[in-house]
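K.L.:
Once you've had a glance at the structure underneath, I'll fire off some questions.
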Amino acid sequence: MAMASTLFRFPCQGASSCVGRAHVWVRCAARRRVVASYAADAASFSSDSSSTPKLPSSAPKRRSVAGVDQENLVDPWLLADRDSRFAEFFGVPIHYKIAQPPSDDEVAETRAASISPEKANGALPARKANAPAVLLHGFGASLFSWQRVLKPLAAILGSSVVAFDRPAFGLTGRPKLNFGEAKETRGPNPYTLEFSAKATLTFVEFLHAQQVILIGHSAGSLVALQAYLDAPEKVAAMILIAPAIAVPIIMEEVKKATTAPNPGEDKTVGREDLRSDKKLRLTDIVSSVRDAIWWVLVRVFKVLQIIKAAVQALFQSILPEKFVARVESAIRDTRERLVTAAIRSWPATWAVRVIMDRFGTRGVRMAWYDPEKADEDVLQGYTKPLQCKDWERALLEFALAMAVNPAADMKSKESLGKRLKEVTCPVLVVTGDTDRLVPAWNARRLASALPNAEFELVKRCGHLPQEETPDELLSIIERFLAKTFSSDSISKPLPVPT
């Protein structure tokens with residue numbers, strides 16, 4: 001009972017401090033009722049295993065997925081840790097964790113233990129940013145991927161750091177969408193990029209901060225970018241780690257980026273060692289195939305754009321404009337219905353289970369520079385959400401939302417390149433030199449496309465610097481923040497465009 005009650009508390013001093021709008025955060029009185037209900041359920045669940053709902057004996061058994069039994073799936077909150085917290089956002093229970101900066105005594109003890117006596121006299125504490133941060137995980141991950149840097153970041157920033165699970169991932173709720181309800185009265189789709197961006201900005205209010213630092217990893221960088229475009233005045237800086245943001249590509253420059261060595265990269269270190277390791281040759285082949293497929297897709301996309309523009313010009317010249325608009329709308333609606341029907345079909349659900357079973361843990365290992373370091377604890381952290389009810393349906397809804405319902409700002413007629421020029425706050429782009437999922441050259445291009453960005457490359461590191469090389473990543477972040485928030489820094493936020 002005591003353990004369950006700690007899972008659903010808010011760090012608040014009263015109803016007025018933790019409640020903004022009634023439809024966003026749960027009021028304290030209502031929260032107490034929820035805590036009592038959840039605590040009773042948790043006690044019943046833990047003390048009486050016979051009360052766990054069982055599948056009928058006549059129902060077909062669901063085999064395990066990635067080593068996780070699929071017969072007795074549970075609600076996400078039953079899998080929570082002692083430091084887990086939950087908040088309600090538009091009816092969706094959001095799972096999050098928060099780290100507070102250490103006290104002065106704790107800082108002194110840490111420094112005494114980590115700094116040698118001969119260096120202690122000359123070591124000066126780094127300037128604190130004194131700005132909270134919100135951490136945004138990538139696709140298929142959860143706030144588990146931040147566990148090694150969550151508390152150290154709070155110490156570096158001198159302020160609170162929050163990490164939360166986006167809907168469809170981690171231990172955040174997986175609500176069922178009401179398809180029979182009209183779009184006008186239906187609430188926001190929790191699986192959209194726009195919803196995640198709004199939740200991110202709501203955490204700014206939750207932290208009682210005027211501005212925060214957004215730290216996104218992989219696809220979480222896209223959420224950070226969307227949040228900035230929605231409310232640039234609330235973002236002091238952004239740190240994008242292995243960002244999965246596809247920068248507009250000019251093929252000649254891509255060829256240079258994929259063949260030229262990375263800045264500061266030692267050709268004799270890392271790459272040759274990697275290729276000499278027989279266990280990693282397969283991942284090198286996969287990386288080469290990925291780059292080749294990307295090269296082909298870009299060319300195909302350009303050809304399709306040319307054909308589309310030609311057809312539109314032809315029809316607009318011989319047919320009335322209103323008729324062309326109606327035809328385009330009908331084609332778009334038909335396409336969305338077909339995509340929706342395909343993604344929500346039982347073959348799609350079956351395919352998700354098969355893919356997660358065969359490639360889930362392999363994908364985690366492939367994200368590491370040294371796959372052998374992705375030990376059992378890491379794999380269990382990434383596969384834990386597979387114990388949640390409706391995990392496969394939520395993943396499909398997420399894929400559907402990204403396919404047919406991206407954020408409004410991302411559907412702008414302006415190119416992504418032009419939108420990137422609007423990001424005037426200081427940005428740090430960090431990536432591993434051996435990232436097999438998002439190539440390092442794309443991160444370097446992203447940094448060059450942003451007007452106020454720095455680029456850092458971590459050697460002997462794959463797609464997960466915050467897990468593989470947390471100390472080096474923290475050092476890079478600390479240097480960036482010290483320069484960004486110093487009084488004489490030239491890297492202060494630029495004026496927000498009007």
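K.L.:
Can you name the helices (runs of 4 or more DSSP H) wholly within the range 185-301 that have at least 3 residues being closer than 28 Å to I476 by Cα and at pLDDT 90 or above?
P.N.:
Counting at least 3 such residues, we get 193-206, 220-230.
K.L.:
Determine, yes or no, whether N130 is open to solvent by 20 Å² or more (accessible area, probe 1.4 Å), closer than 20 Å to M238 by Cβ, of a type outside the set (D, E) and modelled with pLDDT under 95.
P.N.:
Working: open to solvent by 20 Å² or more (accessible area, probe 1.4 Å): yes; closer than 20 Å to M238 by Cβ: yes; of a type outside the set (D, E): yes; modelled with pLDDT under 95: yes.
So N130 fits the description; yes.
K.L.:
Taking into account only those residues within the range 357-373 that are of a type in the set (G, A, S) and modelled with pLDDT under 90, which is farthest from G462 (Cα to Cα)?
P.N.:
Here the answer is G360.
K.L.:
Among what's in the range 452-487 and is surrounded by fewer than 17 Cβ atoms within 10 Å (Cβ to Cβ) and among the hydroxyl-bearing types (S, T, Y), pick the residue that is farthest from V149 (Cα to Cα).
P.N.:
Going through the qualifying residues, I end up with S487.
K.L.:
Now a separate question. Specify the residue that is nearest to P167 (Cα to Cα); the eligible residues are those in the range 365-382 that are in contact with a Ser or Thr (Cβ under 7 Å, 6 or more places away or on another chain) and crowded, with 17+ Cβ neighbours inside 10 Å.
P.N.:
Applying the filter and picking the extreme gives M366.
K.L.:
Then there is this: Go through F169, F144 for me and flag whichever is within 15 Å of the chain's Cα centre (by Cα), modelled with pLDDT of 85 or more, in a loop (DSSP other than H, G, I, E, B) and among the aromatic types (F, W, Y).
P.N.:
When all the criteria are applied, what remains is F169.
K.L.:
Another one. Which of the residues spanning the range 315-350 are farther than 16 Å from E397 by Cα and open to solvent by 100 Å² or more (accessible area, probe 1.4 Å)?
P.N.:
Once the filter is applied, which keeps residues that are farther than 16 Å from E397 by Cα and open to solvent by 100 Å² or more (accessible area, probe 1.4 Å), the range 315-350 yields Q316, I318, E321, K322, R326, I331, R332, R335.
K.L.:
Could you grab me the full set of residues in the range 190-233 that are β-branched (V, I, T) and either out of contact with any helix residue (DSSP H, G or I) (no Cβ under 6 Å at 6 or more places or on another chain) or closer than 20 Å to T424 by Cα (or both)?
P.N.:
Taking the range 190-233 first, the residues β-branched (V, I, T) are 192, 200, 202, 204, 212-213, 215, 223.
Residues satisfying the conditions are T200, T202, V204, V212, I213, I215, V223.
K.L.:
Let me ask something else about it. When you scan the range 82-93, how many residues do you find that are crowded, with 16+ Cβ neighbours inside 10 Å and either acidic (D, E) or assigned to a strand (DSSP E or B) (or both)?
P.N.:
So the answer is 7.
The values are calculated or read from the model by the stated rules, or taken from the named source; none is laboratory data. What you are looking at is a predicted structure, and each value in this text was computed from that prediction instead of being measured. Every residue, glycine among them, receives a Cβ derived from its backbone with ideal geometry; neighbour counts consider all protein chains shown. All accessible areas refer to the heavy atoms of the entire protein, side chains included, with ligands and DNA or RNA removed. Shrake-Rupley method; radii C 1.70, N 1.55, O 1.52, S 1.80 Å.
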